[in-house]
Amino acid sequence: MNMQLELILSSLLLPLVLSLILASLTGHRGRKGGWKSGLGLLLAYLPSYLWIAGIPSLPPARALGWIGFIGIGSLAVMAVINLPKSGPGKRLIVLVSAFSASIILLSLPILRYGFSLLLAAELAVFLAVWVGLGLLVLQPTGNKSVPLSITGAGFALAAALGGSLLIGQLTGALAAALGGFALHELISRKERLTLNAEASLVSVSLLGCIVLVGWQYAEIPSLPLISIFVGSVAGLFMFKRHGRGWRFISLNVLAMSIPMFFGLVWMVMTSDSSGYY
Amino acid sequence: MKQMKAITVYTLVTLLFVWGGLSVPTVEAETAAAGTYKIDPEHSFVLFSVSHLGISISAGRFNDFEGNIILAPGKNSKVELTVKTASVDTYIEKRDKHLRGPDFLDTKQFPIMRFVSSKVEYNAAGEPVKLTGELFLHGKTNTVSFTVKPIGAGKDPWGGYRAGYQANTVIKRSDFGMKYMLGGVGDEIDITLNIEAIKQ
């Protein structure tokens, strides 16, 4: 198959089409039954992930191989968080535990060959950021799919420019899967049909895994990642307001894209000027 | 008279240098003596080449490696070579970074590639001609065989003894779990080892 066609199919069309179908089947407002949309998002993403990264061995031989398993594990995290009497303290404990375990699994090779206090500090900061993003998407109100989709697209660009087309493809496929949910919500006549807050946790889990692998193994620079994260947080706050309509969405997308834009421009201007790629 | 003297001195000095140059021992093409050798990384090269888009051949090398050779025809010969994958060098840093990343070598996860021979075959003259062994690369181990061409052996100007070989093989990177972008970067990788080793 032609390489470019394969890239478009695996990273864009497949996850987008699957997510449009699954969003119509599983999209649900409110907390009850929200796990369905989380499962739908995962099922929309996993085929692309397996196509791009390959079927992992058991146990996975590479850090990338853990991403699918962590995504499946996030459904369990979602279920625990969704239990009755699940307060903010319990959510924090669950997120810290789950994301810490994920970081350790993904970083094992680096920890084995090159452990240092600096690395531990970097991973601790990453954990804090990841948990913070998780707590943010667990807020019950607001659209999550649009800002998370834009965030995924930003990370995909940063990864592709930063030296890993593979990571770029994986993030792009996640952005496309989220985009399908976002598109379905925008064109659906049902009000407040959102990617459920707990279900958004699945996307944050996957996104965090891919970004961590890109940052640690592909050495994608930190500054653009930070700028994209800032844009993501801004987007999640802006989309908490219950506006609808293309004007509302366009303005908020534009606003959250500004920090991302600066990060990506910095990356382009400081990168190797050779003609490679 | 002065001119004759100058010409004589000039001729004598020239003959002196020529004689001295001819006296420097050169490495003769001879069968390397049996023994243990240490690979000299400053005079050895680990090279590879691979198809790019099916249009041209891209090439590169690894700059950081070490190894040992035990030459013992009829007995337990052994060749070991350890290469640090992060030392990949294709003359363009951006491409080298791409090669070091998860798309290809994933050097942070797999910092070493290593070849250990299980069999060394010799010809009638006692020269190694084929090398078979296990290649550990990208977390996977496969059996590979190198064809070996002896280049030369003999004393060096510093009192040591050296032997040189060229070894070639072709591997498929997909056999070692590197399956990304097979349409753009070829699956088959030509590996050439130009080795100079110092007898211990």
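The values are calculated or read from the model by the stated rules, or taken from the named source; none is laboratory data. Being a predicted model, the structure only gives us computed values, none of them experimental. Glycine gets a Cβ as well: all are built from the backbone with ideal geometry, and neighbour counts include every protein chain shown.
Structure data summary
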item	result
Count of residues meeting criterion [closer than 28 Å to residue B:99 by Cα and either within 14 Å of chain A (Cβ to nearest Cβ) or surrounded by 18 or more Cβ atoms within 10 Å (Cβ to Cβ) (or both)] in the range B:120-141	9
Residue count, the range A:80-101 (criterion: over 14 Å from residue A:137 (Cα atoms) and under 19 Å from the mean Cα position of the chain (by Cα))	7
Any pair with Cβ under 6 angstrom, 6 or more apart, that starts in the range A:50-77 at a residue that is under 17 Å from residue A:213 (Cα atoms) and ends at one that is of a type in the set (Phe, Trp, Tyr) and not in a loop (DSSP other than H, G, I, E, B)	A:60/A:66; A:68/A:49
Leading residue by the ranking (nearest to the other protein chains (Cβ to nearest Cβ)) among those in the range A:44-65 that are of a type in the set (A, V, I, L, M, F, W, C), crowded, with 17+ Cβ neighbours inside 10 Å and over 13 Å from residue B:179 (Cβ atoms)	A:63
Residue count, the range A:92-117 (criterion: more than 14 Å from every other protein chain (Cβ to nearest Cβ), surrounded by fewer than 15 Cβ atoms within 10 Å (Cβ to Cβ) and in contact (Cβ under 8 Å) with a residue 40 or more places away in the chain)	1
Positions within the range B:41-92 being under 18 Å from residue B:118 (Cβ atoms), among the hydrophobic types (A, V, I, L, M, F, W, C) and more than 11 Å from the chain's Cα centre (by Cα), in sequence order	B:69, B:70, B:71, B:72, B:79
From the options A:73, A:89, residue that is in a helix (DSSP H, G or I) and within 26 Å of residue A:150 (Cα to Cα)	A:73
Selection from the range B:92-109 of residues that are touching a His at 6+ places or on another chain (Cβ under 9 Å) and more than 8 Å from chain A (Cβ to nearest Cβ)	B:104, B:105
Any chance residue A:33 is at pLDDT below 90 and loosely packed, with under 15 Cβ neighbours inside 10 Å	yes
Boolean, residue B:169 is within 13 Å of another protein chain (Cβ to nearest Cβ) and part of a strand (DSSP E or B)	no
